[in-house]
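The values are calculated or read from the model by the stated rules, or taken from the named source; none is laboratory data. Here the structure is a predicted model, which means the values were calculated and not measured. No Cβ is skipped: glycine too gets one built from the backbone with ideal geometry, and neighbour counts run over all protein chains shown. These area figures cover heavy atoms from the full protein model, side chains too; ligands, DNA and RNA do not enter into them. Shrake-Rupley method; radii C 1.70, N 1.55, O 1.52, S 1.80 Å.
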Amino acid sequence: MLYGKQQFQKINRLLLRQLQDEPFLIVAHRGFAHANIIENTVESMRVAFKLGADIVETDTMMTKDGTIFLLHTGTEKRLFRQSFSPEAITAKQFINKHYYNNIGELSSYQPVTLCNFIKQLPRNRMIHLDRGWSHLSELLAVLDHFPNQQQQFVIKIKPKAEQIATLRQHRIKYMTVVIVNHDSELQYILNHLTDEINIIGIELVAANLSDSHVQLDVIKHIKALGLTVMINTLTLNTTTSLFGTLDDDNAILASPENIWQEVMINYQPNMINTDWAPLLSQYRRQLEH
C-alpha cells in the first residue's frame, strides 16, 4: 500500500522502503538506555539500531538562548541529580552538565544538541522527534540545515491548530505523525488533512482498549486514507501504560508472542513504539520465519 500523498513520495522514500521490507517497524523510545548508556544520547541511538530498531524516538527541548537539545523535560532530577529547568538556562550552562547513569553513578556523558545528534545519524536510519511542539519553528530551522537528510526526520505533533499551521507554512514538508489520545482528536486531524502538510501517520494512545479510536475498523479507515498507524506500548509506571494491558511490561514478563501478537492481529500497526527494541526485534524475526 502507498502511504502518504503522492507529492511527498520523495521525502517519504526511506520510510516507505522500510515499510515494504518489514511486517512492522520498531521505534525505540529514547533510543536504548541501560547500565551506563543514557537515554536521548548518540550512544543510546547507536545501541538501539544495533539491537534491531528501525527508528529512534528522541525528545527535544530548547534552552533560553535558542539551542535545541535532546532531553525529556521533567527528568532532570533523575538524570542529573539536580532540580532545575534546562529551558531557563543557556546552552553553555546545560552542555557542561553530566548525566548520572542507570545505577546512579556519575557518567562521562553530557547533553547533546539536536544538530550534533543529526550529524552522527547513520544515513539509512530515521529519527522520530517528540515533544517539539513548544519550539516547533526552531526545530524545523535546525532540520533545514540538513537538506541531504530530509527523508530521515519524522516530526511528532499534537492535533493542535497552531502546530498544523506552522507545518503548513514551512517550505520543507517533513514527515509528520500526529499523536491521538481520543476519538475527538482523531476526528479533528482527519478533518484537517491537507496537501500543505506531510502527515504520514497517526500514533494511537489509549489507556482503555475499548476506546472507539483504537477499534480495528477505525484503524483500517485510517490506513485506507493513506496514513500509517503507530501503536505505543510503553509502560510509564506501575499505573500508566499507553495501550491498555498490551504494554511492554506484559510483553516481556508474560509472553511476547501473546501480547505483541495480539497487537499485530487486533490492531495491525505499521509501527510499534517500545522500550524493549531487542525483544520486539526477536519477535519480528520469528514472524519472518
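General remarks:
- Pair list, Cβ under 6 Å, 6 or more apart: segment 148-173 residue in a loop (DSSP other than H, G, I, E, B), other residue open to solvent by 40 Å² or more (accessible area, probe 1.4 Å): K158/W133; P159/E185; P159/Y188
- Residue that is in contact (Cβ under 8 Å) with a residue 40 or more places away in the chain and hydroxyl-bearing (S, T, Y), where the choices are T228, T194, T238: T228
- Checking each residue in segment 235-289 for being surrounded by fewer than 19 Cβ atoms within 10 Å (Cβ to Cβ), closer than 20 Å to N181 by Cβ and in contact with a helix residue (DSSP H, G or I) (Cβ under 7 Å, 6 or more places away or on another chain) picks out N266, Q268.
- The set of residues from segment 109-150 being open to solvent by less than 30 Å² (accessible area, probe 1.4 Å) and more than 18 Å from the chain's Cα centre (by Cα) comprises P111, F146.
- Restricting segment 27-38 to residues that are more than 10 Å from the chain's Cα centre (by Cα) and surrounded by fewer than 24 Cβ atoms within 10 Å (Cβ to Cβ), the residue that is nearest to P111 (Cα to Cα) is I37.
- Residue count for segment 43-67, restricted to those that are open to solvent by 10 Å² or more (accessible area, probe 1.4 Å) and outside any loop (DSSP other than H, G, I, E, B): 6.
- Among residues that are over 17 Å from V177 (Cβ atoms), modelled with pLDDT under 95 and over 13 Å from the mean Cα position of the chain (by Cα), D65 is not included.
- Flag set for S83, criterion: more than 19 Å from R30 (Cα to Cα), hydroxyl-bearing (S, T, Y) and open to solvent by 70 Å² or more (accessible area, probe 1.4 Å).
- Residue identified as of a type outside the set (G, A, S), open to solvent by 30 Å² or more (accessible area, probe 1.4 Å), at pLDDT 95 or above and within 20 Å of L16 (Cβ to Cβ) among K160, K156, K173: K173
- Within segment 1-26, the set of residues being within 25 Å of I172 (Cα to Cα), modelled with pLDDT of 95 or more, of a type in the set (A, V, I, L, M, F, W, C) and more than 14 Å from the chain's Cα centre (by Cα) comprises F8, I11, L14, L16, L19.
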